[in-house]
Amino acid sequence: MPFGTGNHIEPEALEQYSMGTLPEPQMADFEEHLLICAGCQDRLEETDAYIQALRAVAPQLRNARVPLLERLIPGVMSPLRWRLPVWAGAAAMVALVAVTGAEWSRQRGTPREPVVVVLEASRGADPISPARAPAGSPLVLSFELTELPSYTSYQLEIVDSTGRKVWGASAEARNGKLMQNVDRVPGKGNYFVRLYAPTRELLREYGLRAE
């Protein structure tokens, strides 16, 4: 597609250039026109801002509920956007990032990386110090099963210092190891992780301290 000094670059070509998808045969004419046309330079800057805003908001848009988006910015999902100035669309998307992010944080909280906790049982007279974990953080409990009866699955529990159950799950063994996600450890304090056979026979008990 030729770009002469008397014509401006089409919006579709500006978007393709901004996203790096403009066909190579059009590139020379495009950049030649862009060098001498201040209007198209300004439009390209606006298009770049719009594309960056779209990329920033994409993860939230994949997870956010459509009714919420329509309530925050009526018509954001409709063809009306294409009739707005580029800068207006970019500003709307940037605002949507902030609002949707705040809504998401209120509903889900800020995600935290799980902490791997390796649990070991005492094999002698001296007890092993309890494993430590940050209170309120998601965990991955890791067990070695080499000295335990072999089952395809085990039962797990976390109890507090009074013996009250605060968490429980069933976990499958793989390659002599057992790993299980825990959404979060309760508040600070001392806990015990209990490992049961499928018949509810207690096999091991491990200390866990949340700090």
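Quick notes on this structure:
- Compared with the alpha-carbon gap, the fully stretched path from Gln16 to Asp160 is longer by 45.9 nm at 0.36 nm per residue.
- Peptide packing: for 203-210, 15-22, 146-153, 157-164, the average count of neighbouring Cβ atoms within 10 Å per residue gives the ranking 203-210, 15-22, 157-164, 146-153, highest mean first.
- Rg/Rg_globular for the range 115-210, with Rg_globular taken as 2.2 N^0.38 Å and Rg from C-alpha atoms: 1.01
- 15 Å cut-off, amide nitrogen to a point 7 angstrom out along Arg132 Cα→Cβ, residues in the range 186-200: 188-191
- Cβ-Cβ FRET estimate between Lys177 and Ala56, R0 fixed at 41 Å, reported to 0.05: 0.55
- Between Phe192 and Met27, the distance separating the two model label sites (each 7 Å from Cα on the Cα→Cβ line) works out to 6.9 nm.
- Separation of the Glu147 and Ala169 label points, Cα + 7 Å toward Cβ, nm: 2.5
- Calculated P(r) of the range 168-211 - Cα pairs past 16 Å, %: 47
Bear in mind these aren't lab numbers, they're just calculated from the coordinates by the rules spelled out. Note that the structure is a prediction, hence the values are computed from the model and not measured. Note that each Cβ is placed from the backbone with ideal geometry, even for glycine, and that neighbours are counted across all protein chains shown.
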